[in-house]
1. Can you confirm whether Val163 is buried (at least 24 other Cβ atoms within 10 Å of the Cβ) and away from the ligand (no atom under 16 Å from the Cβ)?
2. Kindly provide the set of residues from segment 301-348 that are of a type in the set (A, V, I, L, M, F, W, C), in a helix (DSSP H, G or I) and more than 16 Å from the ligand (Cβ to nearest atom), ordered by number.
3. Hey, could you check segment 166-187 for residues that are within 22 Å of Ile69 (Cα to Cα) and part of a loop (DSSP other than H, G, I, E, B) and say which is nearest to the ligand (Cβ to nearest atom)?
4. Going through segment 115-127 one residue at a time, which ones are assigned to a loop (DSSP other than H, G, I, E, B) and near the ligand (Cβ under 10 Å from one of its atoms)?
5. Please enumerate the residues belonging to segment 130-151 that are in contact with a Lys or Arg (Cβ under 7 Å, 6 or more places away or on another chain) and within 14 Å of the ligand (Cβ to nearest atom).
6. Which one of the conditions (1) under 30 Å from Phe364 (Cβ atoms); (2) loosely packed, with under 13 Cβ neighbours inside 10 Å; (3) in contact (Cβ under 8 Å) with a residue 24 or more places away in the chain does Arg318 fail to meet, given that it meets all the rest?
7. Considering each residue of segment 432-453, count those that are away from the ligand (no atom under 15 Å from the Cβ) and either in a loop (DSSP other than H, G, I, E, B) or over 18 Å from Ile211 (Cα atoms) (or both), and give that number.
8. If a residue must be assigned to a loop (DSSP other than H, G, I, E, B) and either closer than 19 Å to Thr248 by Cα or modelled with pLDDT under 95 (or both), how many such residues does segment 276-294 contain?
Amino acid sequence: MDSQIRKIHHQLVNKEITCTDLVQERLDALKQNTNNTVNSLLDTSALDLAAKVDAKIANGDSIGLLEGIPFGIKDVYMVQGTYTTASSDLLKNYKSAYTATAIRKLLDAGAIPLVKENCDSFGHGSSSENTIFGAVKNAVNSNLVAGGSSGGSAVNVAKDYTVFSVGGDTGGSVRQPAGYNNVYGLKPTYGRISRFGLMAYASSTDCVGPIAKSIEDIRIVLNVMSGKDGKDQTTYASAEIPQNGILTSEDIKTVGYFKNFIETDAIDSQIKSDFLAAIEKIKAKGIQVKALDFFESETLVSTYYTLAMAETASNLSRLDGTNYGNRIEGDNLKDTYAVTRSENFSEETKRRIVGGNQLLSQGFSDEIYLKGLKLRDQISENFENDFKEVDIIISPVTPNTPPKIGESLKDPLAMYLSDAYTVGFSLGQLPTLTVPKGTATGLQITAAKNNDELVLKFANFLKDTI
Ligand code: GLN
């Protein structure tokens, strides 16, 4: 698919459509949708902004590429004055006091936010069923889950309710729902986009990630959101990725894949054979393909969940009903904290808080948490060595196709294992993109740190190859 952003931009500039009609149409579609993608609609502000764009065009003023383009925001981003619930009871009535940097940049470029999107509460989940707003239904088959945690965002893009959406990816939450709903989803290099104003899940892997229907739209939105930010000390300055720069792929000579991701009983047989067929097509184009050794999936998943649970237990400790959230009064302060948190957090979130606090506690932290940190270093080292040998690593996005709604809730461990192919790249803080090609849940393209451009180049190459 070609760039939706460019197409709509031309239609606006050539007065083929008005921004007000465009926004109204998408708002109506969001309002009527039965996939449960909406936590709150930003209809009044969206229509105000659209009227301003129309007035500019009528005046003969020029407009920027993103001006008037409707987009969605996962409900974990602060947007001043809007409800920011993280799909939780605790923050059901919380309104943001400020706006996240990534969103601020999009607003400054003139893009119009339509909706705060349904997701797994605090990013905890792989199915978008851990939400007080009802499970998000898959865009292709509504009996299946949308994937998670950015399920609402991926479905809104797949259904054309938004032109693009801003998801958040800690361990796969942009890439996996993108794969489940047949759209593109990028997790950029950690630190390329500011996390300021993104509700923290696991701060050492949290990334802001765009979801869209074309590589060009991913590129445009990525460029606007990227950049060093004084409010997030982990950000770095990155060069803009030029439009023409990603159209050729001569510098990609070698591609690797992890043998053990494929040679396992845990992978769906069709995904496996489709992946191997994709590898053959890449080889046929003269690219060398290497099978690489990597950590066992169980090691990746347990390392990720150890660190993610520890970080989320720490990050969510501020949510006690004092400064934020629905306070439930107990007999004394301690009771108030306890009852507020136990009544307002979901089962899955509590599992992670309890697990995280346990593994950070005395007697456990050396054995478990510090071991997790060591393993993470080894995983990063492994990637560094791999990228001396190959330019790109390619993998399936998920071992299996999306489960039916209700199934994942029965077995949290099975749900954690479904993240086997995404979490390793998060621990390595690498740029990685889901393309809706190759297997039923897409392919994942990964490059070395700060090589986001190469990822987009290879995605363009695959578009013509598979
Ligand atoms: N499914 C993974 C988890 O629950 C990843 C979620 C995410 O990236 N926010 O931790």
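1. On the way: buried (at least 24 other Cβ atoms within 10 Å of the Cβ): yes; away from the ligand (no atom under 16 Å from the Cβ): yes.
Answer is yes for this residue.
2. In the first step, residues of segment 301-348 are kept if they are of a type in the set (A, V, I, L, M, F, W, C); the result is 301, 307-310, 313, 316, 319, 328, 333, 338-339, 345.
Then drop every residue that is not in a helix (DSSP H, G or I), which leaves 301, 307-310, 313, 316, 333, 338-339.
Within segment 301-348, Leu333, Ala338, Val339 meet the criteria.
3. Of everything passing the filter in segment 166-187, Val174 is nearest to the ligand (Cβ to nearest atom).
4. Here is the first cut: in segment 115-127, the ones assigned to a loop (DSSP other than H, G, I, E, B) are 118-120, 124-127.
Of everything in segment 115-127, those that are assigned to a loop (DSSP other than H, G, I, E, B) and near the ligand (Cβ under 10 Å from one of its atoms) turn out to be Cys119, Asp120, His124, Gly125, Ser126, Ser127.
5. Residues satisfying the conditions are Ala146, Ser150.
6. Checking Arg318 against (1) under 30 Å from Phe364 (Cβ atoms); (2) loosely packed, with under 13 Cβ neighbours inside 10 Å; (3) in contact (Cβ under 8 Å) with a residue 24 or more places away in the chain, the one that fails is (3).
7. Going residue by residue through segment 432-453, those that are away from the ligand (no atom under 15 Å from the Cβ) are 435-440, 442-443, 445-453.
Checking which are either in a loop (DSSP other than H, G, I, E, B) or over 18 Å from Ile211 (Cα atoms) (or both) leaves us with 436-440, 442, 447-451.
Here the count works out to 11.
8. Of all residues in segment 276-294, those assigned to a loop (DSSP other than H, G, I, E, B) come to 285-287, 293-294.
Imposing the further condition that a residue be either closer than 19 Å to Thr248 by Cα or modelled with pLDDT under 95 (or both) reduces the set to 285-287.
The number of residues fulfilling the criteria is 3.
The values are calculated or read from the model by the stated rules, or taken from the named source; none is laboratory data. The shown structure was predicted, so the numbers you read here are calculated from the model rather than taken from an experiment. Quick reminder, even Gly has a Cβ in these numbers, built from the backbone with ideal geometry, and neighbours come from all protein chains shown.
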